[in-house]
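These notes are about the structure you will find just below.
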Amino acid sequence: MTIRTRLALGVALQTAIIVLVVAAVQFLALRSFLVASESQRLEGLMPRLTAELDHRPLTARPPLVITSLPRNVDARVVQGGQVVAVTDEFPALPLTLPAGYAPRAGHQVLVAPLTLRGQPATAQIASDVLGVVDPLRAYLRALAVTVPAAALLVALLSSALAGRLLRPVARLQAAAARLGQGNNLRLPLPGAGRSDELGRLADTLQTSFTQLADVREREEEFTRAAAHDLRSPLAALKVRLQGSLATPRSEAELRENMREALADVDRMQRLTDHLLLLARGTRTVHLRPVDLADLAGEAVDRARETAPDVRLDFETWGDTLIPGDEALLTRLLENLIGNGMRYGQGADMTVRVWGEPDRVRLTVQDAGPGVPAEALPRLTEPFYQVDAARSGEGNGLGLTIVDRIVQLHGGTVLFEATRPRGLCVTVDLPRPQPTKNTTCAASRAREPFRT
(Lines give C-alpha, C1' and ligand atoms only; values in the text may rest on other atoms or scores of the structure.)
Protein backbone atom coordinates (compact mmCIF):
# COMPACT_ATOMS: atom_id res chain seq x y z
CA MET A 1 0.00 0.00 0.00
CA THR A 2 1.43 3.36 -1.00
CA ILE A 3 1.96 6.29 1.34
CA ARG A 4 -0.68 8.22 -0.59
CA THR A 5 -3.29 5.49 -0.02
CA ARG A 6 -2.34 5.07 3.64
CA LEU A 7 -2.58 8.81 4.19
CA ALA A 8 -5.98 9.06 2.50
CA LEU A 9 -7.40 6.10 4.45
CA GLY A 10 -5.90 7.34 7.69
CA VAL A 11 -7.36 10.83 7.35
CA ALA A 12 -10.73 9.37 6.28
CA LEU A 13 -10.76 7.08 9.33
CA GLN A 14 -9.87 9.95 11.64
CA THR A 15 -12.60 12.07 10.10
CA ALA A 16 -15.17 9.30 10.55
CA ILE A 17 -14.16 8.84 14.18
CA ILE A 18 -14.35 12.58 14.87
CA VAL A 19 -17.74 12.84 13.17
CA LEU A 20 -19.06 9.87 15.14
CA VAL A 21 -17.84 11.31 18.45
CA VAL A 22 -19.38 14.69 17.67
CA ALA A 23 -22.59 12.97 16.51
CA ALA A 24 -22.77 10.97 19.75
CA VAL A 25 -22.45 14.14 21.79
CA GLN A 26 -25.05 15.86 19.64
CA PHE A 27 -27.35 12.82 19.91
CA LEU A 28 -27.25 12.94 23.69
CA ALA A 29 -27.78 16.70 23.69
CA LEU A 30 -30.68 16.40 21.23
CA ARG A 31 -32.27 13.61 23.25
CA SER A 32 -32.02 15.69 26.43
CA PHE A 33 -33.48 18.69 24.62
CA LEU A 34 -36.40 16.66 23.21
CA VAL A 35 -37.18 15.11 26.59
CA ALA A 36 -37.14 18.52 28.28
CA SER A 37 -39.29 19.97 25.50
CA GLU A 38 -41.83 17.14 25.84
CA SER A 39 -41.96 17.66 29.61
CA GLN A 40 -42.66 21.35 29.13
CA ARG A 41 -45.36 20.53 26.58
CA LEU A 42 -47.11 18.18 28.99
CA GLU A 43 -46.89 20.73 31.80
CA GLY A 44 -48.46 23.27 29.45
CA LEU A 45 -51.52 20.99 29.10
CA MET A 46 -52.30 21.12 32.82
CA PRO A 47 -54.32 24.39 32.62
CA ARG A 48 -56.37 23.01 29.70
CA LEU A 49 -57.16 19.85 31.66
CA THR A 50 -58.13 21.85 34.76
CA ALA A 51 -60.39 24.14 32.74
CA GLU A 52 -62.24 21.19 31.17
CA LEU A 53 -62.82 19.39 34.46
CA ASP A 54 -63.85 22.48 36.41
CA HIS A 55 -66.90 22.90 34.17
CA ARG A 56 -68.04 19.28 34.25
CA PRO A 57 -69.37 17.20 37.11
CA LEU A 58 -66.96 14.50 38.39
CA THR A 59 -68.14 10.99 39.16
CA ALA A 60 -66.20 7.87 39.97
CA ARG A 61 -68.67 5.55 38.22
CA PRO A 62 -68.24 5.83 35.33
CA PRO A 63 -65.21 8.18 35.13
CA LEU A 64 -65.53 11.30 33.06
CA VAL A 65 -64.00 11.04 29.57
CA ILE A 66 -61.39 13.70 28.89
CA THR A 67 -61.65 15.19 25.37
CA SER A 68 -59.71 18.47 25.43
CA LEU A 69 -56.17 17.03 25.01
CA PRO A 70 -54.25 16.47 21.73
CA ARG A 71 -54.63 13.12 19.97
CA ASN A 72 -51.22 11.78 20.99
CA VAL A 73 -51.68 12.66 24.65
CA ASP A 74 -53.65 10.68 27.22
CA ALA A 75 -54.51 11.66 30.77
CA ARG A 76 -55.97 10.29 33.98
CA VAL A 77 -57.14 12.19 37.06
CA VAL A 78 -57.15 10.46 40.42
CA GLN A 79 -58.98 11.90 43.41
CA GLY A 80 -59.53 10.18 46.73
CA GLY A 81 -57.93 7.00 45.40
CA GLN A 82 -60.39 6.71 42.50
CA VAL A 83 -60.18 7.62 38.83
CA VAL A 84 -62.57 10.47 38.22
CA ALA A 85 -61.55 11.35 34.65
CA VAL A 86 -59.58 9.50 31.95
CA THR A 87 -59.02 9.35 28.20
CA ASP A 88 -60.03 6.34 26.16
CA GLU A 89 -56.48 5.09 25.42
CA PHE A 90 -54.66 5.83 28.66
CA PRO A 91 -51.84 3.21 29.07
CA ALA A 92 -51.97 0.50 31.70
CA LEU A 93 -50.15 2.21 34.54
CA PRO A 94 -50.42 1.76 38.31
CA LEU A 95 -52.99 3.98 39.96
CA THR A 96 -50.45 5.43 42.31
CA LEU A 97 -47.37 6.98 40.70
CA PRO A 98 -44.65 9.19 42.18
CA ALA A 99 -44.74 12.83 41.19
CA GLY A 100 -42.43 13.92 38.41
CA TYR A 101 -41.63 13.26 34.78
CA ALA A 102 -40.27 9.88 33.66
CA PRO A 103 -40.61 7.29 30.91
CA ARG A 104 -43.02 4.48 31.80
CA ALA A 105 -44.56 1.66 29.73
CA GLY A 106 -43.30 3.14 26.45
CA HIS A 107 -44.67 6.61 27.28
CA GLN A 108 -43.38 9.83 28.68
CA VAL A 109 -45.50 10.34 31.83
CA LEU A 110 -45.92 13.53 33.86
CA VAL A 111 -47.44 13.14 37.34
CA ALA A 112 -48.41 16.46 38.97
CA PRO A 113 -50.85 17.65 41.68
CA LEU A 114 -54.12 19.24 40.58
CA THR A 115 -56.93 21.13 42.41
CA LEU A 116 -60.49 20.53 41.24
CA ARG A 117 -63.28 22.56 42.81
CA GLY A 118 -61.20 23.10 45.91
CA GLN A 119 -60.32 19.41 46.31
CA PRO A 120 -56.81 18.01 45.77
CA ALA A 121 -56.29 15.55 42.95
CA THR A 122 -53.46 14.04 40.89
CA ALA A 123 -53.12 14.40 37.13
CA GLN A 124 -51.28 11.72 35.14
CA ILE A 125 -50.51 12.88 31.59
CA ALA A 126 -48.85 10.45 29.16
CA SER A 127 -47.61 10.92 25.64
CA ASP A 128 -46.15 8.25 23.36
CA VAL A 129 -42.39 8.27 22.78
CA LEU A 130 -42.70 9.07 19.08
CA GLY A 131 -42.30 12.74 19.84
CA VAL A 132 -38.78 11.95 21.15
CA VAL A 133 -37.89 8.84 19.17
CA ASP A 134 -38.87 10.04 15.72
CA PRO A 135 -36.52 13.06 15.68
CA LEU A 136 -33.71 10.91 17.05
CA ARG A 137 -34.30 8.26 14.38
CA ALA A 138 -34.28 10.94 11.71
CA TYR A 139 -31.02 12.26 13.11
CA LEU A 140 -29.43 8.76 13.02
CA ARG A 141 -30.59 8.23 9.46
CA ALA A 142 -28.96 11.52 8.49
CA LEU A 143 -25.74 10.38 10.18
CA ALA A 144 -25.80 7.09 8.30
CA VAL A 145 -25.54 9.11 5.09
CA THR A 146 -23.37 11.98 6.33
CA VAL A 147 -20.53 10.00 7.93
CA PRO A 148 -19.67 7.80 4.88
CA ALA A 149 -20.08 10.77 2.54
CA ALA A 150 -17.79 12.93 4.70
CA ALA A 151 -15.21 10.13 5.00
CA LEU A 152 -15.24 9.54 1.25
CA LEU A 153 -14.90 13.24 0.49
CA VAL A 154 -12.05 13.63 2.97
CA ALA A 155 -10.33 10.54 1.52
CA LEU A 156 -10.51 11.96 -2.00
CA LEU A 157 -9.27 15.37 -0.91
CA SER A 158 -6.49 13.78 1.18
CA SER A 159 -5.43 11.59 -1.72
CA ALA A 160 -5.27 14.61 -4.01
CA LEU A 161 -3.33 16.62 -1.43
CA ALA A 162 -0.98 13.70 -0.71
CA GLY A 163 -0.33 13.25 -4.42
CA ARG A 164 0.56 16.91 -4.71
CA LEU A 165 2.84 16.80 -1.67
CA LEU A 166 4.53 13.53 -2.73
CA ARG A 167 5.14 14.65 -6.27
CA PRO A 168 8.59 16.05 -5.37
CA VAL A 169 9.40 12.71 -3.71
CA ALA A 170 8.54 10.92 -6.97
CA ARG A 171 10.82 13.28 -8.88
CA LEU A 172 13.53 12.69 -6.30
CA GLN A 173 13.10 8.93 -6.65
CA ALA A 174 13.33 9.12 -10.44
CA ALA A 175 16.45 11.28 -10.22
CA ALA A 176 18.07 8.84 -7.75
CA ALA A 177 17.28 5.96 -10.11
CA ARG A 178 18.89 7.85 -12.99
CA LEU A 179 21.98 8.44 -10.86
CA GLY A 180 22.30 4.71 -10.24
CA GLN A 181 21.77 3.80 -13.89
CA GLY A 182 24.09 6.47 -15.23
CA ASN A 183 26.88 5.83 -12.67
CA ASN A 184 27.21 9.57 -12.16
CA LEU A 185 26.55 10.17 -8.47
CA ARG A 186 27.44 13.87 -8.67
CA LEU A 187 24.40 14.97 -10.68
CA PRO A 188 22.25 17.52 -8.78
CA LEU A 189 19.03 16.21 -7.26
CA PRO A 190 15.71 18.07 -7.69
CA GLY A 191 14.62 19.94 -4.59
CA ALA A 192 18.10 20.35 -3.14
CA GLY A 193 18.46 23.73 -1.48
CA ARG A 194 14.82 24.06 -0.44
CA SER A 195 14.09 24.93 3.18
CA ASP A 196 11.39 22.32 3.79
CA GLU A 197 11.68 18.65 4.78
CA LEU A 198 11.96 17.44 1.18
CA GLY A 199 14.70 19.94 0.52
CA ARG A 200 16.65 18.73 3.54
CA LEU A 201 16.14 15.14 2.38
CA ALA A 202 17.45 16.02 -1.07
CA ASP A 203 20.45 17.79 0.47
CA THR A 204 21.21 14.74 2.63
CA LEU A 205 20.95 12.39 -0.33
CA GLN A 206 23.08 14.71 -2.45
CA THR A 207 25.78 14.73 0.24
CA SER A 208 25.60 10.94 0.64
CA PHE A 209 25.84 10.36 -3.11
CA THR A 210 28.81 12.72 -3.35
CA GLN A 211 30.55 10.86 -0.54
CA LEU A 212 29.82 7.56 -2.26
CA ALA A 213 31.25 8.95 -5.48
CA ASP A 214 34.41 10.00 -3.64
CA VAL A 215 34.71 6.55 -2.05
CA ARG A 216 34.15 4.79 -5.36
CA GLU A 217 36.73 6.95 -7.11
CA ARG A 218 39.26 6.28 -4.36
CA GLU A 219 38.54 2.55 -4.52
CA GLU A 220 38.94 2.52 -8.29
CA GLU A 221 42.19 4.44 -8.05
CA PHE A 222 43.36 2.15 -5.24
CA THR A 223 42.47 -0.97 -7.24
CA ARG A 224 44.22 0.28 -10.37
CA ALA A 225 47.33 1.17 -8.42
CA ALA A 226 47.35 -2.18 -6.59
CA ALA A 227 46.92 -4.06 -9.86
CA HIS A 228 49.77 -2.06 -11.39
CA ASP A 229 52.11 -2.75 -8.48
CA LEU A 230 51.27 -6.45 -8.54
CA ARG A 231 51.63 -6.69 -12.32
CA SER A 232 55.26 -5.47 -12.34
CA PRO A 233 56.75 -8.19 -10.05
CA LEU A 234 54.54 -10.82 -11.68
CA ALA A 235 55.81 -9.86 -15.14
CA ALA A 236 59.41 -9.84 -13.94
CA LEU A 237 58.96 -13.21 -12.27
CA LYS A 238 57.43 -14.64 -15.45
CA VAL A 239 60.30 -13.34 -17.62
CA ARG A 240 62.93 -14.82 -15.31
CA LEU A 241 61.24 -18.19 -15.17
CA GLN A 242 60.71 -18.27 -18.93
CA GLY A 243 64.37 -17.31 -19.50
CA SER A 244 65.53 -20.05 -17.18
CA LEU A 245 63.49 -22.62 -19.11
CA ALA A 246 64.26 -21.31 -22.60
CA THR A 247 68.03 -21.69 -22.63
CA PRO A 248 70.50 -23.84 -20.72
CA ARG A 249 71.79 -22.13 -17.59
CA SER A 250 74.60 -22.89 -15.22
CA GLU A 251 73.90 -23.68 -11.60
CA ALA A 252 75.13 -20.24 -10.57
CA GLU A 253 72.89 -18.54 -13.11
CA LEU A 254 69.90 -20.58 -11.98
CA ARG A 255 70.61 -19.68 -8.36
CA GLU A 256 70.80 -15.99 -9.29
CA ASN A 257 67.49 -16.24 -11.17
CA MET A 258 65.91 -17.97 -8.19
CA ARG A 259 67.14 -15.24 -5.84
CA GLU A 260 65.66 -12.56 -8.13
CA ALA A 261 62.42 -14.52 -8.37
CA LEU A 262 62.26 -14.80 -4.57
CA ALA A 263 62.80 -11.04 -4.34
CA ASP A 264 59.79 -10.51 -6.64
CA VAL A 265 57.71 -12.92 -4.54
CA ASP A 266 58.75 -11.08 -1.36
CA ARG A 267 57.69 -7.79 -2.95
CA MET A 268 54.29 -9.19 -3.89
CA GLN A 269 53.89 -10.67 -0.41
CA ARG A 270 54.68 -7.32 1.23
CA LEU A 271 52.18 -5.59 -1.02
CA THR A 272 49.52 -8.21 -0.26
CA ASP A 273 50.17 -7.90 3.48
CA HIS A 274 49.87 -4.14 3.23
CA LEU A 275 46.58 -4.36 1.34
CA LEU A 276 45.16 -6.78 3.90
CA LEU A 277 46.27 -4.52 6.72
CA LEU A 278 44.58 -1.52 5.13
CA ALA A 279 41.34 -3.54 4.90
CA ARG A 280 41.54 -4.51 8.56
CA GLY A 281 38.50 -3.45 10.57
CA THR A 282 38.28 -2.22 14.13
CA ARG A 283 36.86 -5.57 15.30
CA THR A 284 40.21 -7.24 14.68
CA VAL A 285 42.15 -4.78 16.85
CA HIS A 286 43.13 -6.32 20.21
CA LEU A 287 43.94 -3.59 22.71
CA ARG A 288 46.17 -4.63 25.62
CA PRO A 289 48.64 -2.73 27.80
CA VAL A 290 51.71 -2.20 25.61
CA ASP A 291 54.93 -0.36 26.41
CA LEU A 292 55.60 1.62 23.26
CA ALA A 293 59.20 2.34 24.30
CA ASP A 294 59.97 -1.40 24.51
CA LEU A 295 58.49 -2.00 21.06
CA ALA A 296 60.41 0.97 19.66
CA GLY A 297 63.68 -0.26 21.18
CA GLU A 298 63.22 -3.70 19.60
CA ALA A 299 62.39 -2.14 16.22
CA VAL A 300 65.49 0.08 16.44
CA ASP A 301 67.69 -2.95 17.23
CA ARG A 302 66.38 -4.82 14.20
CA ALA A 303 66.88 -1.78 11.97
CA ARG A 304 70.47 -1.40 13.17
CA GLU A 305 71.18 -5.00 12.23
CA THR A 306 69.80 -4.60 8.70
CA ALA A 307 71.44 -1.18 8.11
CA PRO A 308 74.60 -0.98 10.26
CA ASP A 309 75.94 1.99 8.25
CA VAL A 310 73.05 4.26 9.27
CA ARG A 311 73.38 6.08 12.58
CA LEU A 312 70.11 5.45 14.42
CA ASP A 313 69.70 7.02 17.87
CA PHE A 314 66.95 6.06 20.31
CA GLU A 315 65.68 8.16 23.25
CA THR A 316 62.85 7.55 25.70
CA TRP A 317 61.58 8.93 28.99
CA GLY A 318 58.43 8.98 31.08
CA ASP A 319 55.61 6.43 31.29
CA THR A 320 55.04 5.01 27.80
CA LEU A 321 52.40 2.38 28.61
CA ILE A 322 49.30 2.60 26.40
CA PRO A 323 46.38 0.35 25.39
CA GLY A 324 47.28 -0.92 21.93
CA ASP A 325 47.61 -3.78 19.50
CA GLU A 326 51.20 -4.99 19.74
CA ALA A 327 51.35 -6.39 16.20
CA LEU A 328 49.95 -3.21 14.64
CA LEU A 329 52.20 -0.91 16.66
CA THR A 330 55.22 -3.02 15.70
CA ARG A 331 54.28 -2.63 12.03
CA LEU A 332 53.86 1.13 12.57
CA LEU A 333 57.37 1.44 14.03
CA GLU A 334 58.95 -0.72 11.32
CA ASN A 335 57.24 1.27 8.55
CA LEU A 336 58.33 4.64 9.97
CA ILE A 337 61.92 3.57 10.58
CA GLY A 338 62.10 1.72 7.26
CA ASN A 339 60.69 4.74 5.42
CA GLY A 340 63.33 6.99 6.99
CA MET A 341 66.13 4.61 6.09
CA ARG A 342 64.88 3.99 2.56
CA TYR A 343 64.35 7.62 1.59
CA GLY A 344 66.78 9.30 3.96
CA GLN A 345 69.68 8.14 1.78
CA GLY A 346 71.74 6.91 4.72
CA ALA A 347 71.38 10.10 6.79
CA ASP A 348 71.32 10.06 10.59
CA MET A 349 68.02 9.16 12.26
CA THR A 350 66.55 9.63 15.74
CA VAL A 351 63.63 7.78 17.30
CA ARG A 352 62.09 9.28 20.45
CA VAL A 353 59.31 7.96 22.69
CA TRP A 354 58.07 9.78 25.77
CA GLY A 355 55.00 9.82 27.94
CA GLU A 356 52.68 12.69 28.78
CA PRO A 357 49.67 12.68 31.14
CA ASP A 358 47.10 11.99 28.42
CA ARG A 359 49.17 10.47 25.62
CA VAL A 360 52.39 8.87 24.47
CA ARG A 361 54.30 10.64 21.72
CA LEU A 362 56.57 9.01 19.13
CA THR A 363 58.81 10.91 16.72
CA VAL A 364 60.94 9.50 13.92
CA GLN A 365 63.26 12.11 12.42
CA ASP A 366 65.83 11.80 9.65
CA ALA A 367 68.33 14.22 8.17
CA GLY A 368 67.78 13.10 4.59
CA PRO A 369 66.75 15.14 1.57
CA GLY A 370 63.28 15.68 3.07
CA VAL A 371 59.93 16.14 1.36
CA PRO A 372 58.63 19.23 -0.48
CA ALA A 373 56.07 21.19 1.53
CA GLU A 374 53.36 20.67 -1.09
CA ALA A 375 53.81 16.87 -0.85
CA LEU A 376 53.42 16.62 2.95
CA PRO A 377 49.57 16.43 2.95
CA ARG A 378 49.66 13.58 0.42
CA LEU A 379 52.13 11.28 2.15
CA THR A 380 49.38 9.06 3.54
CA GLU A 381 47.58 8.62 0.22
CA PRO A 382 47.71 5.02 -1.06
CA PHE A 383 50.49 4.42 -3.63
CA TYR A 384 51.62 8.05 -3.53
CA GLN A 385 55.40 8.45 -3.84
CA VAL A 386 57.45 11.63 -3.90
CA ASP A 387 59.42 11.99 -7.14
CA ALA A 388 62.77 11.80 -5.42
CA ALA A 389 61.81 8.50 -3.81
CA ARG A 390 60.41 6.65 -6.79
CA SER A 391 63.60 4.70 -7.31
CA GLY A 392 63.18 2.91 -3.99
CA GLU A 393 61.70 -0.50 -3.36
CA GLY A 394 58.56 0.76 -1.67
CA ASN A 395 55.04 0.49 -3.00
CA GLY A 396 53.65 3.74 -1.63
CA LEU A 397 51.64 2.06 1.15
CA GLY A 398 53.99 2.31 4.13
CA LEU A 399 52.80 5.69 5.42
CA THR A 400 49.22 4.90 4.44
CA ILE A 401 49.39 1.90 6.77
CA VAL A 402 50.94 4.08 9.49
CA ASP A 403 48.00 6.49 9.22
CA ARG A 404 45.51 3.59 9.30
CA ILE A 405 47.10 2.08 12.43
CA VAL A 406 47.11 5.45 14.16
CA GLN A 407 43.40 5.87 13.33
CA LEU A 408 42.60 2.42 14.74
CA HIS A 409 44.22 3.54 18.01
CA GLY A 410 42.40 6.88 18.06
CA GLY A 411 45.60 8.90 17.57
CA THR A 412 47.00 11.46 15.14
CA VAL A 413 50.03 11.59 12.84
CA LEU A 414 51.83 14.73 11.66
CA PHE A 415 54.51 15.16 8.97
CA GLU A 416 56.86 18.16 9.21
CA ALA A 417 59.85 19.28 7.20
CA THR A 418 62.84 19.95 9.45
CA ARG A 419 65.61 22.53 9.10
CA PRO A 420 67.91 22.58 7.31
CA ARG A 421 66.75 19.28 5.79
CA GLY A 422 64.97 16.08 6.65
CA LEU A 423 61.54 14.84 7.68
CA CYS A 424 60.01 14.45 11.15
CA VAL A 425 56.99 12.20 11.72
CA THR A 426 55.11 12.72 15.01
CA VAL A 427 52.58 10.18 16.26
CA ASP A 428 50.34 10.89 19.28
CA LEU A 429 48.58 7.90 20.82
CA PRO A 430 46.01 8.61 23.56
CA ARG A 431 45.65 6.67 26.77
CA PRO A 432 43.07 6.71 29.62
CA GLN A 433 43.40 9.43 32.20
CA PRO A 434 45.34 8.32 35.30
CA THR A 435 43.35 7.52 38.43
CA LYS A 436 43.81 9.25 41.79
CA ASN A 437 46.19 6.49 42.88
CA THR A 438 49.40 7.47 41.07
CA THR A 439 51.74 5.06 42.86
CA CYS A 440 51.74 2.49 40.04
CA ALA A 441 52.09 5.13 37.36
CA ALA A 442 55.03 6.64 39.16
CA SER A 443 56.70 3.27 39.51
CA ARG A 444 56.41 2.69 35.73
CA ALA A 445 57.81 6.10 34.79
CA ARG A 446 61.12 5.83 32.97
CA GLU A 447 64.25 7.77 33.55
CA PRO A 448 65.57 9.47 30.41
CA PHE A 449 67.21 6.79 28.27
CA ARG A 450 69.31 7.15 25.14
CA THR A 451 71.07 4.68 22.88
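Return the residue satisfying two criteria in turn: it lies in the range 92-112 and is in a strand (DSSP E or B) and touching an Asp or Glu at 6+ places or on another chain (Cβ under 9 Å), and of such residues it is most open to solvent (accessible area, probe 1.4 Å). Don't jump to the end; show me each part of the working.
Keep residues of the range 92-112 that are in a strand (DSSP E or B), which gives 100-104, 107-112.
Narrowing the set further to residues that are touching an Asp or Glu at 6+ places or on another chain (Cβ under 9 Å) leaves 101, 107-108, 110, 112.
On the way: TYR101: 60, HIS107: 41, GLN108: 17, LEU110: 11, ALA112: 20 Å².
Residue satisfying both the conditions and the ranking: TYR101.
From the list ARG267, ARG224, pick out the single residue that is charged (D, E, K, R), over 30 Å from ARG171 (Cβ atoms), at pLDDT below 75 and surrounded by 16 or more Cβ atoms within 10 Å (Cβ to Cβ).
Details: ARG224 fails: surrounded by 16 or more Cβ atoms within 10 Å (Cβ to Cβ).
Matching residue, one of ARG267, ARG224: ARG267.
Please tell me if ASP273 is charged (D, E, K, R), at pLDDT below 85 and open to solvent by 40 Å² or more (accessible area, probe 1.4 Å).
On the way: charged (D, E, K, R): yes; at pLDDT below 85: yes; open to solvent by 40 Å² or more (accessible area, probe 1.4 Å): yes.
Criteria met by ASP273.
Can you pull out every residue in the range 306-338 that is among the hydrophobic types (A, V, I, L, M, F, W, C) and in a helix (DSSP H, G or I)?
Within the range 306-338, the subset among the hydrophobic types (A, V, I, L, M, F, W, C) is 307, 310, 312, 314, 317, 321-322, 327-329, 332-333, 336-337.
Selection gives ALA327, LEU328, LEU329, LEU332, LEU333, LEU336, ILE337.
Given the criterion open to solvent by 40 Å² or more (accessible area, probe 1.4 Å), of a type in the set (Ser, Thr, Tyr), out of contact with any Asp or Glu (no Cβ under 8 Å at 6 or more places or on another chain) and over 22 Å from LEU30 (Cβ atoms), identify the matching residue among THR50, THR115. Let's see the steps before the verdict.
Values: THR50 fails: open to solvent by 40 Å² or more (accessible area, probe 1.4 Å).
Of the residues listed, the single one that is open to solvent by 40 Å² or more (accessible area, probe 1.4 Å), of a type in the set (Ser, Thr, Tyr), out of contact with any Asp or Glu (no Cβ under 8 Å at 6 or more places or on another chain) and over 22 Å from LEU30 (Cβ atoms) is THR115.
If the Cβ limit is 7 Å and pairs must be 6+ apart or interchain, which residue in the range 111-129 that is at positive phi pairs with which residue that is open to solvent by 20 Å² or more (accessible area, probe 1.4 Å) and not in a strand (DSSP E or B)?
ARG117/ASP54
Pull up the range 47-89, narrow it to residues that are modelled with pLDDT of 80 or more and of a type in the set (Ser, Thr, Tyr), then point me to the one that is nearest to GLN124 (Cα to Cα).
Selected residue: THR87.
I'm told GLY370 meets every condition in (1) modelled with pLDDT under 85; (2) surrounded by 15 or more Cβ atoms within 10 Å (Cβ to Cβ); (3) under 15 Å from LEU397 (Cα atoms) except one. Can you identify the failing condition by its number?
GLY370 satisfies all of (1) modelled with pLDDT under 85; (2) surrounded by 15 or more Cβ atoms within 10 Å (Cβ to Cβ); (3) under 15 Å from LEU397 (Cα atoms) except (3).
Just to be sure I understand, how many residues within the range 400-432 are in contact with a strand residue (DSSP E or B) (Cβ under 7 Å, 6 or more places away or on another chain), of a type in the set (A, V, I, L, M, F, W, C) and open to solvent by less than 50 Å² (accessible area, probe 1.4 Å)?
Total satisfying the criteria: 9.
Starting from the range 69-91, take each residue that is assigned to a strand (DSSP E or B) and list its partners that are of a type in the set (S, T, N, Q) and open to solvent by 40 Å² or more (accessible area, probe 1.4 Å), counting only C-beta distances under 6 angstrom and pairs at least six apart or across chains.
Pairs that qualify, where the first residue is assigned to a strand (DSSP E or B) and the partner is of a type in the set (S, T, N, Q) and open to solvent by 40 Å² or more (accessible area, probe 1.4 Å), are VAL78/THR122.
Report yes if PHE33 is in contact (Cβ under 8 Å) with a residue 40 or more places away in the chain and open to solvent by 30 Å² or more (accessible area, probe 1.4 Å), otherwise no.
Taking the combined requirement at face value, the residue does not satisfy it.
Here are some conditions: (1) more than 30 Å from LEU140 (Cα to Cα); (2) surrounded by 15 or more Cβ atoms within 10 Å (Cβ to Cβ). GLY80 meets all but one. Which one does it not meet?
(2)
The values are calculated or read from the model by the stated rules, or taken from the named source; none is laboratory data. Given the structure is predicted, the values throughout are model-derived calculations rather than measurements. FYI the Cβ positions are ideal-geometry reconstructions off the backbone, even for glycines, and counts take in every protein chain you see. Remember, those area values only see protein heavy atoms, side chains included, never the ligands or the DNA or RNA. Shrake-Rupley method; radii C 1.70, N 1.55, O 1.52, S 1.80 Å.
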